[in-house]
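Written out below as structure tokens is the structure these notes cover.
The values are calculated or read from the model by the stated rules, or taken from the named source; none is laboratory data. Since the model is a prediction, treat every value here as computed from it, not as a measurement. Virtual Cβ from ideal backbone geometry, glycine too; neighbours counted across all protein chains shown.
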Amino acid sequence: MDFIWIVLTLAAAAVLGWPVTAAVLRLARAVENSGPPFSDTDPAADQDLDASLTNGARVPAGPPPPAASGAKRPAGAAHRRSAPAPGSVLRGGLVIGVLERLAVAASVLASEPVAIAYVVAIKGLGRYAELKDTPAAAERFIIGTLTSMLWAVGVAAAARAFLL
């Protein structure tokens with residue numbers, strides 16, 4: 001009977017972790033795309049700014065666009081966040097994520113938490129070349145890895161505590 005619970009736990013950690021990780025990455029992207037609703041001021045210290053934000057007004061974030069400072073901007077270029085640059089999307093993430101969750105859950109079930117460090121090291125070293133040049137991809141990598149590992153540890157720990 002323990003074998004069945006172990007297999008079901010590994011399957012839940014591996015397969016059900018993908019929707020959870022994808023949801024957290026979507027949430028992170030939504031937060032990133034919304035941008036800060038204020039410039040360099042602290043919104044907690046400025047009550048007028050908070051009031052204007054609740055009325056739907058937005059204060060531009062960051063430094064002025066190049067056109068405002070006198071520099072010419074190419075025609076058709078909009079001042080907004082664009083889609084990820086080619087090469088910033090990491091290939092094989094789905095398969096690697098499933099294998100990562102399997103390895104992490106198996107290490108928790110086997111009472112070998114040090115194996116999680118091996119998984120993190122292998123994954124980080126394998127992606128280093130891609131991550132050092134693209135900060136946005138590195139951020140998604142960290143968010144996805146932490147979410148994925150927390151899901152796998154949570155499922156395996158719950159199974160170990162309540163089922164095994």
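In table form, for the structure just shown:
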read-out	value
Residues within the stretch 123-164 that are within 13 Å of GLY93 (Cα to Cα) and in contact with an Asp or Glu (Cβ under 7 Å, 6 or more places away or on another chain), tallied	3
Filtered residue count, the stretch 100-130, keeping only those that are without any contact (Cβ under 8 Å) to a residue 12 or more places away in the chain and either buried (at least 18 other Cβ atoms within 10 Å of the Cβ) or not in a helix (DSSP H, G or I) (or both)	4
Any hit, the stretch 88-95, residues being crowded, with 16+ Cβ neighbours inside 10 Å, assigned to a helix (DSSP H, G or I) and among the aliphatic types (A, V, I, L, M)	no
ALA152 vs. criteria within 20 Å of VAL24 (Cβ to Cβ) and modelled with pLDDT under 90	no
